[in-house]
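**Student:** Sharing a structure below in structure tokens format, with a few things to ask.
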Amino acid sequence: MSIDNEIGAPRCVVGRRQLIAQLRTVLPPHCLLIEEEELRPYECDGLTAYRQLPSLVALPENEAQAQAALEICAALNAPVVPRGAATGLSGGAMPHRDGVVVSLAKLKRIVKLDPLARTAVVQPGVRNLAVSEAAAPYGLYYAPDPSSQIACTIGGNVAENSGGVHCLKYGLTVHNVLRVRGLTVDGEIVEFGNAALDAPGYDLLALMNGSEGMLALITEVTVKLTPKPELAQVVLASFDEVTKAGDAVAGIIAAGIIPAGLEMMDKKATHAVEPYVNAGYDMDAEAILLCESDGTPEEVAEEIARMKAVLEHSGASGIRVSQNEAERLKFWAGRKAAFPAVGRITPDYLCMDGTIPRKNLARMLVAIAEMEVRYGLRCANVFHAGDGNLHPLIMYDANVPGQLDLATAFGAEILELSVELGGTITGEHGVGIEKIGQMCAQFSPDELDLFRRLKRAFDPGGLLNPGKAIPAAARCREYRLTRGAAPLAGSVR
Amino acid sequence: MSGHGASSLAHWAERIRAAAAGRSHLRLRGGGSKDFYGCGPDAGNPDTLGTRDYAGIVAYEPTELVVTARCGTPLAELEAVLAEQGQSLAFEPPHFGSEATVGGCVAAGLSGPRRAQAGALRDFVLGVKMLDGNGDLLTFGGQVMKNVAGYDVPRLLAGSLGTLGLIAEVSLKVLPLPVAEHTLRFELAQQEALDLLNRWGGRPLPISASAWRGDALHVRFSGAAAAVGAAANSLVGLGGQPVAAAEASAFWHSLREQTHAFFAGDAPLWRLAVPSTTPVLAVDGMRSDAQLVEWGGAQRWLRGEGDHAAAIRALATEAGGHATLFRGDAATRASSGAFQPLSAPLLRLHRNLKAAFDPRGVFNPGRLYPEF
């Protein structure tokens, strides 16, 4: 995939040798990688289908080194690609051929944890789960819990505005971050948000969340910590029809319940998962729902009873309530292992991330089943049902000529249908390079132009993570010609 | 979209383009209920572009937890429609008058008593349809909870006071109304109240609002009936006195709408957003009892005659937050600025963003900061 013609990609960059010489003056020798075998591990992120060797990798050990490195890159017009744990699934951390990958992996200190104020100040390379582990002795945790939370880092979470299985009740990253400290493309230190609940002026903190490393380089984050609920219980419900499961989701929300988690898996997903983790799922069910309640024991008892009533009314063929913490974790283990479980039964898979209004769930699943036949590829469906975020896992074999292209086209069709059904091409994984073409379907030329102007307000030279998230006008003209569709403002939303 | 609606937008776009071409300004205004908030807009004597005619709820499906409304929709009307379905705007936005509109509510970005628990207005903004400074009609975000396609323009517009564009239509996340509510009153000095609120904040208690004023702390619990009852019972031992439902409801409403006696009179009203653990604030020359604390200690209201702007802003900065001259006469607002001054790099980014959205500087000049 060519990324040369996207927004702000520099037309000329200085020689690599000069860049190395200057970066060596500000980074210790072990913090600058230049040999091909050292660069190889950085050629892709979680989207392994797309690879590109970077020119160099810088691993600053502190903010001052990051600042000095950025100043040099800016002066020499070298693209900068920020990188956390590289668990991202959209290619947001894929290197630029002529650019420097700035890995924040060495910035992994929890600077301060204030149990009384319920905040933690952490460096961007701190792992998501490490924050909750550090807060656990105080009865607190960091609420957003993406499936990759063992490995993914807070800096990357902010860049992607990561979600998780509990975000219907507890919010996304943007709802759980108070302050982001970072460097502008010129290496100037800037703070978005503060230690209070809001900041003066425009809400640049909100803008930083989900900006995919294109507006600033994050060096420190203050996160909110949440009191751990006394109790959590989950209901596992089976359905003999997918549409009944979809109705049950709507029924729960209509009953005024906001579950702590509300997840759906279809039969293909449960059949991949069950032999792998023995979660105890009903193998005859066309779909299962996991519906969690948390809070005080009184609150949970009351809510679980209401959930069960709705699920029964919606025609669930089986209902089980976790009787203890071990059983609750077992029920969840299947959902949390869904991606690796599917990875076991297919050489490769693509994970989609569209979000649609919940009411269109059944329509989407029927359409995906039809696409499976048409493309000749299988697709398992895992769904954050509570917030309408769908993760179809399209299975393919990269070693079979043409299958990657087929899988990509299959995925593109799902994303375009997501937009048509009133949704979006990405709920939590980001656009990166993976969905940059579909941005042309979701946004009009004027809207994309505003994104480009916004980007230039932060990064006039287009050096921060060029080629990601916002397509160039030329790409969209080509996209519209080849797709035969010309979405205009308001035409499909 | 009705013919009337479409013609409003087309007409507005024309006015914006004419203003841009003629280098003149437009003052965007909904119901005018928050005219007092912010600075100006006097620069260049802008024409007013009123948005009240573009009204109505475009889409509302309770099971999707989303409502989409045109900017001129009265906020009271929107909340009444939600209440019929047992839902609400969980951030409890202040109206400050029956004329308040949905567009003005989002542009002002203000949140009420429930903010510390439920989140701020910006946390509930899912999508916008807007006119930028070129008069182009643009749509960002959408009607779904999770959406990371493109930069988060909808949240950026929340609280931008109409300086970036005209919010024509907005989609907001809504939540079920709590099944039960219960308010307790404690006799406490401010520092004791702050200590307690922060300790309680670390426990999974369903506290949905708190306010300290004049040696009394009010705490509201909201949620499932069993949870509210259990939580309130666990705190009664600490001296909490139950407040009758009607009285409690009137009390929280008086804070949300600033009709409480604390807000009466003409003395400047300062709003400080600080970390909730910040000790009692003391400003030289200001009466220490002229304070009201909300949001578990994270929002402090200060009142007092005289020019204390520099001292108050220094105090807020030192605590890690910021101070807003929320209400004051025009002269004080002009001399002190309504909002805490920005650092040099932030001011540069603000100006750049303003230029990106509104290259000719058409909208609400000076309303947020005198520099743009």
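Read-outs: derived from the displayed coordinates by stated rules, not from any lab. Since the structure is predicted, the reported quantities are computational estimates derived from the model, not experimental observations. All Cβ positions, even for glycine, are placed from backbone atoms using ideal geometry, and neighbour counts span all protein chains on display.
**Student:** Which residue fluctuates the most in chain B, going by a Gaussian network model with Cα springs under 10 Å, if the choices are B:ARG333, B:ARG300, B:ARG348?
**Tutor:** Of B:ARG333, B:ARG300, B:ARG348, the most mobile in the Gaussian network model is B:ARG348.
**Student:** Next question. Could you work out Rg/(2.2 N^0.38 Å) for segment A:1-158, with Rg from alpha carbons only?
**Tutor:** Against the compact-globule rule of thumb, the ratio is 1.13.
**Student:** Over chain B, what relative contact order in percent results from Cα pairs under 8 Å that are six or more residues apart?
**Tutor:** 20 percent.
**Student:** Moving on to the next point. Using the count of nearby Cβ atoms within 10 Å as a rough guide to exposure, how do B:ILE167, B:ILE16 rank from fewest to most?
**Tutor:** By the 10 Å Cβ count, ascending, the order reads B:ILE16, B:ILE167.
**Student:** So, one more: In a Gaussian network model over chain B where Cα atoms closer than 10 Å are linked, find which of B:GLY165, B:GLY72, B:GLY202 has the largest mean-square fluctuation.
**Tutor:** B:GLY202
**Student:** How big is segment B:180-247 in terms of Cα radius of gyration and Dmax, in angstroms?
**Tutor:** Looking at segment B:180-247, its Cα Rg and Dmax stand at 11.1, 31 Å.
**Student:** Any chance you could give the angle, 0 to 90 degrees and rounded to 10, that helix A:297-313 forms with the longest Cα principal axis of chain A?
**Tutor:** So the inclination is approximately 70 degrees.
**Student:** Next up: Taking H placed 1.01 Å from N in the peptide plane, check which residues at least 5 places from B:GLY223 or on another chain put their amide H under 5 Å from its amide H.
**Tutor:** Under 5 Å from the amide H of B:GLY223: B:VAL179, B:ALA180.
**Student:** With contacts defined as alpha carbon pairs under 8 Å and 6 or more residues apart, what's the relative contact order of segment B:1-149 in percent?
**Tutor:** For segment B:1-149, the relative contact order is 22 percent.
**Student:** If you don't mind, there's one more thing I want to ask. Once you've got the Cα coordinates, tell me which of A:LYS112/B:LYS146; A:LYS267/A:LYS330; A:LYS224/A:LYS468; A:LYS169/A:LYS268 are over 20 Å apart.
**Tutor:** A:LYS112/B:LYS146; A:LYS224/A:LYS468; A:LYS169/A:LYS268
**Student:** Using only Cα atoms, find the angle between the long axis of helix A:325-336 and the longest principal axis of chain A, and express it within 0 to 90 degrees, rounded to the nearest 10.
**Tutor:** Between helix and principal axis, roughly 60 degrees.
**Student:** For segment B:277-286, just list the computed ³J(HN,Hα) in residue order, Karplus coefficients 6.51, -1.76 and 1.60, θ = phi - 60°, integers in Hz, with x standing in for Gly and Pro.
**Tutor:** So the J values, rounded to whole Hz, are 8, 4, x, 3, 8, 10, 10, 3, x, 10.
**Student:** Can you run the Rg to Rh ratio on segment B:267-327? Use alpha carbon positions and the Kirkwood inverse-distance Rh.
**Tutor:** For segment B:267-327, the value is 0.91.
**Student:** Applying the Karplus parametrisation 6.51 cos²θ - 1.76 cosθ + 1.60 with θ = phi - 60° to the phi angles of segment B:96-106, what ³J(HN,Hα) value in whole Hz is obtained for each residue in order, glycine and proline being reported as x?
**Tutor:** Rounded to whole hertz, the list is 6, x, 6, 7, 3, 10, 5, x, x, 4, 6.
**Student:** Please give the direction-averaged projected area of the C-alpha convex hull for segment B:41-112, in square nanometres with one decimal.
**Tutor:** Hull-based average projected area comes out at 5.5 nm².
**Student:** Based on alpha-carbon centroids, what's the gap between segment B:290-330 and segment A:361-415 in Å, whole number please?
**Tutor:** 54
**Student:** Given all pairs of different Cα atoms, what value in angstroms does the Kirkwood hydrodynamic radius of segment A:317-399 take?
**Tutor:** This gives a value of 14.4 Å.
**Student:** When chain B is treated as a GNM, springs tying every alpha-carbon pair under 10 Å, which of B:ARG220, B:ARG23, B:ARG203 comes out with the largest mean-square fluctuation?
**Tutor:** Checking each option, the largest mean-square fluctuation is seen for B:ARG203.
**Student:** What's the Kirkwood radius of segment A:204-247 in Å, using all Cα pairs?
**Tutor:** Hydrodynamic radius (Kirkwood, Cα pairs) of segment A:204-247 is 15.6 Å.
**Student:** Could I ask something else about it? Once phi is turned into ³J(HN,Hα) by the Karplus curve 6.51 cos²θ - 1.76 cosθ + 1.60 with θ = phi - 60°, what whole-Hz value does each residue of segment A:207-213 show in order, with x for glycine and proline?
**Tutor:** Residue by residue, segment A:207-213 yields 5, 5, 5, x, 8, 6, x Hz.
**Student:** Could you work out the local net charge near A:GLU71, counting Lys and Arg as +1, Asp and Glu as -1, over the other residues with Cβ closer than 11 Å to its Cβ?
**Tutor:** -2
**Student:** Give the Rg (one decimal place) followed by the Dmax (whole number) of chain B, computed from C-alpha coordinates and expressed in Å.
**Tutor:** When restricted to Cα atoms, chain B yields Rg and Dmax of 21.1, 68 Å.
**Student:** Let me ask something else about it. So how do B:TRP301, B:TRP270 line up by other beta-carbon neighbours within 10 Å, fewest first?
**Tutor:** B:TRP301, B:TRP270
**Student:** Also, quick follow-up: By how many degrees, between 0 and 90 and to the nearest 10, does the Cα long axis of helix B:309-319 differ from the longest principal axis of chain B?
**Tutor:** Here the helix axis deviates by roughly 70 degrees.
**Student:** Only counting other Cβ atoms within 10 Å, I'd like A:HIS166, A:HIS429, B:HIS11 sorted with the fewest neighbours first.
**Tutor:** Final ranking by Cβ density, sparse to dense: B:HIS11, A:HIS166, A:HIS429.
**Student:** Can you tell me the equivalent ellipsoid semi-axes for chain A? Use √(5λ) from the Cα gyration tensor, largest first, whole Å.
**Tutor:** Calculated on Cα positions only, the semi-axes equal 38, 28, 20 Å.
**Student:** Ok, one more. Report, please, the projected area of the protein assembly as shown averaged over directions, based on the convex hull of its C-alpha atoms, in nm².
**Tutor:** So the Cα hull casts an average projection of 34.0 nm².
**Student:** Which of A:GLN149, A:PRO137, A:ILE304 sits closest to the plus end of the dipole of chain A, meaning its Cα is farthest towards the positive end, when Lys and Arg get +1 and Asp and Glu get -1 on the C-beta?
**Tutor:** A:GLN149
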